[in-house]
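Participant: Got a structure for you, questions after.
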Amino acid sequence: MAVYRNTFSDSITSESLTVSQETDPALIEEVRTGLQKTPKRLSSQFFYDAEGSRIFAEIMHSPDYYLTRSEYEVLDTHKADLLRQFTPDNRPFELVELGAGDGLKTKILLGFFEDQKADFAYAPVDISVDALEGLIVDIRKQWPDLPLNPRHSDYFSALEQLSDESDARRIVLFLGSNIGNFAPDDAIDFYRQLHDRLQPGDLVLTGFDLQKHPAIIHTAYNDRQGLTKAFNLNLLRRINRELDADFDLTAFDHYEVYNPETGEARSYLVSQKAQTVQITTLEMTVPFAYGEIIHTEISRKFTRAQIEQLAQQTGFTVSGWFTDGKGYFADVVFAR
């Protein structure tokens, strides 16, 4: 039995999730303020209710959505290299995954690390309790002895809680190009906060979608199956359900644009007519003009120079760079 499991298993195998059934206060505030801005805005972090998580799982398997396949290839090809990066001195380590979702790609690492009898635990963190509960059940079936410490939490609260529980090296996973959803200044702030909460020797493995032919990127966010459209519109369905609103989903359309000069893909919901929406819980009336937009998501694409600059600006060093065969995607190790 590995040292990590003997020493820390009592503190990291708790799988109880305490979740409020009330509407997320952050969603209330986002809707209240975001729909009064010009242009109107709603954060993509609220895409992931149960239905949103289900749709996104379909998106990841879409032939037009290259990101999942590309990162899967990176992790599968370089899993042994990553384990060597994570265990230079054979210390036990804890994989802390921010935004774990269904763990599809992470399971490549979990399975390999288990086969290699690595001394580690897994702490998935997600704001979607449905995704987290499903992930826990699935992992328990595949690796019943793997120490688990799931957190239904925001990222930094989870890191602060976990830092008090063991002296193992922390390997923070931030996969799936989630960093692309951050504006540039927010990305810098995010990594600076990570840096402040980690110890020397801790690592961050981040998935970055790299800049490539604009048509490939545009199609990924405007897929022929209409999954991204359904994913975007589901945000309005969630507001209808949780805040007693009356958005007519047939009166809004999904619109995606990619700007290769800035490397930004942006998603919008577009009002297809002049209309008024009532949000009863908030006692709000929201007018929409024909063609008016709600900005819902930004997905930035990166160059290697931008990634290296991000590490330098936030106190990290790049200690590992791994890409797929086409050079579409990179998983990059930042060392604290």
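The values are calculated or read from the model by the stated rules, or taken from the named source; none is laboratory data. All of these numbers come straight from a predicted model, not from anything done at the bench. Every residue, glycine as well, gets a Cβ built from its backbone with ideal geometry; the counts of neighbours run over all protein chains shown.
Participant: Select from segment 104-159 the residues that are more than 27 Å from ALA187 (Cα to Cα), part of a helix (DSSP H, G or I) and not hydrophobic (A, V, I, L, M, F, W, C) and list them in ascending order.
Facilitator: GLY111, GLU114, ASP115, GLU133, GLY134, ASP138, ARG140, LYS141, GLN142
Participant: In addition: Please state which one of SER267, SER319 is in a strand (DSSP E or B), surrounded by 20 or more Cβ atoms within 10 Å (Cβ to Cβ) and not aromatic (Phe, Trp, Tyr).
Facilitator: SER267
Participant: Give the residues of segment 117-151 that are modelled with pLDDT under 85 and either touching a helix residue (DSSP H, G or I) at 6+ places or on another chain (Cβ under 6 Å) or within 10 Å of GLU97 (Cα to Cα) (or both), sorted by residue number.
Facilitator: Passing the criteria: SER128, ASP130, ALA131.
Participant: With GLU261, GLU308 as the choices, which residue is among the charged types (D, E, K, R), at pLDDT 95 or above, in contact with a strand residue (DSSP E or B) (Cβ under 9 Å, 6 or more places away or on another chain) and closer than 30 Å to PRO214 by Cβ?
Facilitator: Answer to the check: GLU308.
Participant: If you don't mind, another one. Being over 20 Å from PHE86 (Cα atoms) and crowded, with 21+ Cβ neighbours inside 10 Å is the filter here; which residues of segment 121-138 pass it? Before you say what the answer is, go through the steps one by one.
Facilitator: Step one: list which residues in segment 121-138 are over 20 Å from PHE86 (Cα atoms), which gives 126-138.
Across segment 121-138, the qualifying residues are ASP126, SER128, ALA131, LEU132, LEU135.
Participant: Based on what the data block shows, is GLU29 outside any loop (DSSP other than H, G, I, E, B) and under 20 Å from PHE182 (Cβ atoms)? First the steps, then the outcome.
Facilitator: Numbers: outside any loop (DSSP other than H, G, I, E, B): yes; under 20 Å from PHE182 (Cβ atoms): yes.
Considered against the rule, which asks whether it is outside any loop (DSSP other than H, G, I, E, B) and under 20 Å from PHE182 (Cβ atoms), GLU29 comes out as yes.
Participant: Right, here's the next one. Looking only at segment 216-238, which residues are surrounded by 14 or more Cβ atoms within 10 Å (Cβ to Cβ), free of Cβ contacts under 8 Å to residues at least 60 places away in the same chain and within 21 Å of ALA50 (Cα to Cα)?
Facilitator: Within segment 216-238, LYS229, LEU233, LEU236 qualify.
Participant: Go through segment 290-316 and report how many residues are in a loop (DSSP other than H, G, I, E, B) and surrounded by 16 or more Cβ atoms within 10 Å (Cβ to Cβ).
Facilitator: Number satisfying all stated conditions: 4.
Participant: For ARG241, are the conditions met, namely being exposed (fewer than 14 other Cβ atoms within 10 Å of the Cβ), basic (Lys, Arg) and at pLDDT 95 or above? Write out each step before concluding.
Facilitator: Working: exposed (fewer than 14 other Cβ atoms within 10 Å of the Cβ): yes; basic (Lys, Arg): yes; at pLDDT 95 or above: yes.
It is true that ARG241 is exposed (fewer than 14 other Cβ atoms within 10 Å of the Cβ), basic (Lys, Arg) and at pLDDT 95 or above.
Participant: Now, a different point. Filter segment 74-120 down to residues that are β-branched (Val, Ile, Thr) and closer than 24 Å to ALA57 by Cβ and give me whichever is surrounded by the most Cβ atoms within 10 Å (Cβ to Cβ).
Facilitator: Looking at the filtered set, the residue picked out is VAL96.
Participant: What is the one condition in (1) farther than 30 Å from ARG169 by Cβ; (2) at pLDDT 95 or above that ARG84 does not satisfy?
Facilitator: Among (1) farther than 30 Å from ARG169 by Cβ; (2) at pLDDT 95 or above, the lone unmet condition for ARG84 is (1).
Participant: Confirm whether GLY180 is under 22 Å from GLU71 (Cα atoms), modelled with pLDDT of 90 or more and part of a strand (DSSP E or B).
Facilitator: no
Participant: Let me ask something else about it. Does segment 62-73 contain at least one residue that is exposed (fewer than 13 other Cβ atoms within 10 Å of the Cβ) and not in a loop (DSSP other than H, G, I, E, B)? Quick ask: steps written out before the conclusion?
Facilitator: From segment 62-73, those exposed (fewer than 13 other Cβ atoms within 10 Å of the Cβ) are 63; that's our starting set.
Those still in the list that are not in a loop (DSSP other than H, G, I, E, B) too: none.
No, because not a single residue in segment 62-73 is exposed (fewer than 13 other Cβ atoms within 10 Å of the Cβ) and not in a loop (DSSP other than H, G, I, E, B).
Participant: In addition: Which ones in segment 281-305 are out of contact with any Pro (no Cβ under 6 Å at 6 or more places or on another chain), under 18 Å from PHE182 (Cα atoms) and either in contact (Cβ under 8 Å) with a residue 12 or more places away in the chain or acidic (Asp, Glu) (or both)?
Facilitator: ILE294, THR296, GLU297, ILE298, SER299, ARG300, LYS301, PHE302, THR303, ARG304
Participant: To continue, here is another question. Of a type in the set (Ser, Thr, Tyr) and surrounded by 20 or more Cβ atoms within 10 Å (Cβ to Cβ): does that describe THR206?
Facilitator: yes
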